[in-house]
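Participant: Take a look at this one; I'll ask things after.
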Amino acid sequence: MKYVGWKPYFCSMLTQRQLFLKYNAQTSTTPLLLEFVKAKGIYMYDVDGKKYMDLIAGIGVSNVGHCHPTVVEAIKNQAETYMHLMVYGEFVQTPQINFAKALADVLPANLNCTYFVSSGSEAIEGAMKLAKRYTNRTAIIAYKNSYHGSTHGALSLMGNEEFKQAYRPLLPDIAFINFNHLPDLDQITTATAAVFIETIQGEAGIRVPSIGYLQALRKKCTETGTLLIFDEIQCGFGRTGKMFGFEHFDVVPDILLLAKGIGGGMPIGAFISSKEIMSVLSENPILGHITTFGGHPVSCAAGLATLNTILTENLVSDVEKKGQLFKTLLQHPAIKQVRGKGLMLAVEFDSYETNKAIIDACIVDGIITDWFLHCSKSMRIAPPLIITEEEIKEACNIILKNIDAIV
Ligand code: PMP
């Protein structure tokens with residue numbers, strides 16, 4: 001009791017950065033340590049009042065911009081009405097119904113039943129279990145250089161040994177094939193429960209498959225009774241110039257995975273399938289997949305407001321054009337390639353060192369970008385979809401200026 005009052009006093013002597021390093025678990029030894037106090041639209045403001053343009057939308061999350069007023073209002077209204085009532089799946093909760101129905105309304109007919117979770121990794125976990133149960137098979141096919149999340153199941157699907165090796169043993173019976181490589185489709189057989197694929201690969205450095213490849217994959221899965229699972233956690237909800245990435249390829253999955261951008265900044269994920277496939281989780285045993293916070297009412301209200309905002313503000317219609325503007329402006333001998341679709345882009349340099357030096361210089365100039373987990377020589381460009389052409393020009397000028405200064 002003698003020391004009551006001492007700790008808070010001591011803490012107040014430390015800066016927020018020091019407190020962050022002391023009390024919050026770290027994911028690397030070199031966090032950026034930028035200290036933001038406010039975010040609005042495509043901008044974030046640090047503790048010294050400096051304004052930063054967010055060119056990565058919190059890694060593909062803030063598609064409608066930070067603190068979109070419609071989303072904020074929906075969050076406030078729902079928080080005042082009710083928050084958590086019961087674990088997912090027991091009570092009839094209007095925000096969950098409204099969001100699930102709105103998703104079904106914008107999706108193909110077979111994607112009519114949504115299971116809400118709290119993150120992308122959880123959506124992956126749910127889909128892995130669903131595929132095993134529905135097909136009574138255990139084998140799964142995933143892709144080299146894929147990223148599906150950080151939980152054990154999701155990590156088991158990751159196509160990069162560097163990030164997995166320290167956590168083995170992981171799940172068995174998972175094979176990895178080359179992305180966009182037709183001959184490897186022969187590895188999908190009547191023993192395969194599911195193929196997990198990012199419709200457009202994100203952390204691989206934005207890799208867009210050919211239409212023919214995804215259509216052949218669909219055909220192979222149908223022939224072998226394998227569930228085709230599209231991970232659109234990063235590429236969904238308008239990011240690529242269509243509401244869903246698969247619309248570019250005229251291919252429909254059996255299970256669709258969403259998270260990140262669908263909550264407008266609130267945590268929520270979803271795996272979506274047909275009522276028929278989804279029904280296997282409710283019996284033998286009952287409660288085949290349960291979650292306390294999945295479909296949190298406030299997150300669902302935010303999700304519905306996000307979807308409505310994308311639709312009513314017609315945010316998807318200009319995404320292709322805006323992406324093209326980045327591609328047109330970002331031309332420089334040091335830029336090897338600008339890859340991607342819509343506002344899901346990768347700018348490739350010759351090395352990680354060059355890329356990192358440019359990224360760091362851009363941050364000093366108030367532009368936030370980063371690199372990709374499996375492609376460290378490429379710079380990520382994935383701004384909120386509301387970015388204007390003027391802002392794109394301003395961002396590109398700063399990037400080009402820094403390339404000139406560094407290369
Ligand atoms: N799938 C993809 C394609 C992702 O990009 C991510 C996150 N970067 C995940 C899954 C995992 O999502 P979360 O971090 O919400 O678990």
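Participant: May I ask for the Rg/Rh ratio of the range 288-344, computed from Cα atoms with Rh as the Kirkwood radius, given to two decimals?
Facilitator: On the way: Rg = 18.2 Å, Rh = 14.6 Å.
Rg/Rh for the range 288-344 comes to 1.25.
Participant: Please pull out the direction-averaged projected area of the chain, using the convex hull of its alpha-carbon atoms, in nm² to one decimal place.
Facilitator: Working: hull surface 90.3 nm².
Averaged projected area of the chain's Cα convex hull equals 22.6 nm².
Participant: Next question, about the same structure. Counting only protein chains, not ligands or nucleic acids, how are 88, 143 ordered by accessible area (probe 1.4 Å), most first?
Facilitator: Numbers: 88 40, 143 0 Å².
The ordering from most to least exposed comes out as 88, 143.
Participant: Now a separate question. Positive end of the charge dipole of the range 69-311 (Lys, Arg +1 and Asp, Glu -1 on Cβ, about the Cα centre): tell me which of 282, 159, 185 has its Cα farthest that way.
Facilitator: Sorting the options by dipole projection puts first 185.
Participant: Using a Gaussian network for the chain with springs between C-alpha atoms less than 10 Å apart, which of these wobbles most: 317, 62, 28?
Facilitator: Maximum among the listed residues: 28.
Participant: Still on this structure, I have one more. Whole-Hz Karplus ³J(HN,Hα) for the range 152-166, in order, using 6.51 cos²θ - 1.76 cosθ + 1.60 and θ = phi - 60°, x for Gly and Pro?
Facilitator: Running phi through 6.51 cos²θ - 1.76 cosθ + 1.60 with θ = phi - 60° gives 4, x, 5, 5, 4, 8, 6, x, 8, 4, 3, 8, 9, 4, 6 Hz.
Participant: Let me ask something else. Roughly how many Å is it from the Cα centre of the range 264-338 to that of the range 182-221, as a whole number?
Facilitator: 20 Å
Participant: In cubic angstrom, how much convex hull volume per residue do the alpha carbon atoms of the range 259-407 span?
Facilitator: Values: hull volume 23.1 nm³, N = 149.
With only Cα atoms used, the range 259-407 gives 155 Å³ per residue.
Participant: Using only helices, what value at 222 nm comes out for the chain when you add -39,500 (n - 2.57) per DSSP H run of length 4 or more and divide by the total residues, to the nearest 500 deg cm²/dmol?
Facilitator: Numbers: 14 runs with 147 residues, N = 407.
Computed mean residue ellipticity for the chain: -11000 deg cm²/dmol.
Participant: Oh, and also: What is the spread of the Cα atoms of the range 69-311 along each of their three principal axes, largest first, in whole Å?
Facilitator: For the range 69-311, the Cα extents along the three principal axes come out at 54, 41, 38 Å.
Participant: Carbon and sulfur atoms: what percent of the 1.4 Å accessible area of the range 139-234 do they account for?
Facilitator: Values: 2060 of 3770 Å².
Carbon and sulfur atoms account for 55 percent of the accessible area of the range 139-234.
Participant: I'm a student and want to see the number: the projected area of the Cα convex hull of the range 280-320, averaged over all directions, in nm².
Facilitator: Numbers: hull surface 18.8 nm².
Taking a quarter of the hull surface, the average projection is 4.7 nm².
Participant: Please calculate the 1.4 Å probe accessible area of residue 86, with all protein chains present, and give it to the nearest 10 Å².
Facilitator: 70 Å²
Participant: If a/c stays under 1.5 just call it rounded; otherwise compare a/b with b/c (prolate if a/b is bigger, oblate if not). Do that for the range 334-401, with a ≥ b ≥ c from the square roots of the Cα gyration tensor eigenvalues.
Facilitator: On the way: a/c = 1.76, a/b = 1.27, b/c = 1.39.
Oblate.
Participant: Using a 1.4 angstrom probe and counting only protein chains, how large is the accessible area of residue 328 in Å², to 10?
Facilitator: Surface accessible to solvent at residue 328 totals approximately 80 Å².
Participant: Based on alpha-carbon centroids, what's the gap between the range 95-138 and the range 19-82 in Å, whole number please?
Facilitator: The distance from the Cα centre of the range 95-138 to that of the range 19-82 comes to 27 Å.
Participant: Please turn the phi angles of the range 294-302 into ³J(HN,Hα) values with the Karplus equation 6.51 cos²θ - 1.76 cosθ + 1.60 (θ = phi - 60°), one per residue in order, whole Hz, x for glycine and proline.
Facilitator: Result, rounded to whole Hz: x, x, 3, x, 5, 5, 5, 4, 5.
Participant: Calculate, axis by axis, the spread of Cα positions in the range 36-195 along the three principal axes, and write the results as whole Å, longest axis first.
Facilitator: That works out to 52, 42, 30 Å along the principal axes.
Participant: Here's another thing I want to ask about it. Can you tell me which lysines have their Cα less than 18 Å from the Cα of residue 356? Leave out same-chain residues fewer than eight positions away.
Facilitator: Within the straight-line cut-off, residue 356 pairs with 336, 377, 401.
Participant: Starting at the first residue of the range 309-314, write each ³J(HN,Hα) from the Karplus equation 6.51 cos²θ - 1.76 cosθ + 1.60 with θ = phi - 60°, in whole Hz, x for Gly and Pro.
Facilitator: Calculated HN-Hα couplings, in order: 5, 4, 6, 6, 8, 6 Hz.
Participant: If you don't mind, another one. Please compute the per residue accessible area over the range 69-311 with all protein chains in place, 1.4 Å probe, rounded to a whole number of Å². Let's see the in-between values first.
Facilitator: Working: 9760 Å² over 243 residues.
Computed with neighbouring chains in place, this is 40 Å² per residue.
Participant: Arrange the residues 190, 15, 306 by how much accessible surface each exposes, largest first, with a 1.4 angstrom probe.
Facilitator: Numbers: 190 100, 15 70, 306 0 Å².
The ranking, largest first, comes out as 190, 15, 306.
Participant: Could you list which residues have their amide H under 5 Å from that of residue 38, counting only those 5 or more apart in sequence or on another chain, with H placed in the peptide plane?
Facilitator: 45
Participant: Another one. To the nearest 10 square angstrom, what accessible area does residue 312 show with a 1.4 Å probe?
Facilitator: About 120 Å², ignoring ligands and nucleic acids.
Participant: Quick check: with the 1.4 Å probe, what order do 54, 105 take by accessible area, largest first? If you can, show how the numbers build up before the last one.
Facilitator: On the way: 54 5, 105 105 Å².
My answer, sorted largest first, is 105, 54.
The values are calculated or read from the model by the stated rules, or taken from the named source; none is laboratory data. These figures come from a predicted structure and were not determined experimentally. Neighbour counts are summed over all protein chains in view; Cβ atoms, including those assigned to glycine, are modelled from backbone coordinates with ideal geometry. Remember, those area values only see protein heavy atoms, side chains included, never the ligands or the DNA or RNA. Shrake-Rupley method; radii C 1.70, N 1.55, O 1.52, S 1.80 Å.
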